[in-house]
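Quick notes on the structure that follows.
All of the numbers you see were taken from the coordinates with simple rules; none came from a lab. Please read these numbers as outputs of a predicted model, since none were measured by experiment. Because the Cβ atoms are built from the backbone with ideal geometry, glycine has one as well, and the counts that use them run over all protein chains shown.
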Amino acid sequence: MRLYLPLLLSLAACSSQSGENAATDNSNAANVTATLPAETASVPAPDVRSATPAPLNPPAPGEPGGLDDDRTPVSEAPFSEDSAQGAANVVQTYYALLEAGKYGQAYRLWEPGAAGMDARAFAASFDRYSEYHANIGAPGRVDAGAGQRYVAVPVQVYGRLKAGAREFNMRGSVTLHRAGNVDGASAGQRRWRIRSSDVKPRPGEAVPSPQPTEDNRSTARYRCMDGSRLVARFDPDKDRVTVSRGGKALATLRGQRVASGIHYAAGGYELRGKGSDISFTAPGLPPVACTAIR
């Protein structure tokens, strides 16, 4: 039995380099140690404690903005490159390369043209970050049809912007594609490649924006037992969540003290949960159980 739990990638923080250099960089990432000015009798040594940013503390699995706290076995089949676990391994490799600043190698894990920019622009889009990390979640089931294979892998991307050393946390997914074992498909076409991602860098953002868009907010969608669907937009910075149904905002709830999981309430509305399961209560109605839609 194979357990595929969220994987924490903790390689070195990404370093800025040009797209040209990145496209030919096949060396291992070097460990770089910052050198402080030597202490002299006339110039006091800098206060390293005040200059060093606090350690990153991204949301844990099961928390808003974190990956699902899912310990269910994904597959009991042996690991193989063409399995769902093989696709997740490509995503893990992709973010490890980004953390190491090997943008050229990371770019080549996309299908041709799927990244929406050339290799140089892709590398430049990461210049705004001083740290870039990712947690990789358990992949979904392989979706097969018409000789094609698709699988989605949840990811949590977090780190720090160069501007103001501001932290960011984003939750999304990466969709991978490959050809099935059909006549005419080459070995390269049968390998998993990234088809799309809702957390990829966007063209036109090669220069850090004056107003960065990354923050700690995240969105979760739920299917409920009564047939309805809810959208919850979490804002951990303000300890709030806005709940919508059918495109209409129902209420903005405030965070409540809780030993584990989440609990938000306001105006007779209440949202409780842990991991991918929640219960939602509207004024005058009994609680309804809901499950996150992946």
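Numbers for the structure displayed
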| item | result |
| --- | --- |
| Shape metrics for segment 102-154, restricted to C-alpha atoms - Rg then Dmax, Å | 14.3, 43 |
| Two-decimal Rg/Rh across segment 229-270, once Rg and the Kirkwood Rh are taken from alpha-carbon atoms | 0.97 |
| Loop chymotrypsin sites (Phe, Trp or Tyr not before Pro), segment 219-286, which have at most 15 other Cβ atoms in a 10 Å radius of their Cβ (DSSP) | none |
| For segment 125-160 versus segment 259-294, the gap between their alpha-carbon centres in whole angstrom | 27 |
| Stokes-Einstein D (µm²/s) once Rh is taken as the Kirkwood radius of segment 77-132 over alpha-carbon pairs, at 25 °C in 0.890 mPa s | 199 |
| Chymotrypsin sites (Phe, Trp or Tyr not before Pro) lying in DSSP loop within segment 118-161, provided at most 10 other Cβ fall within 10 Å | none |
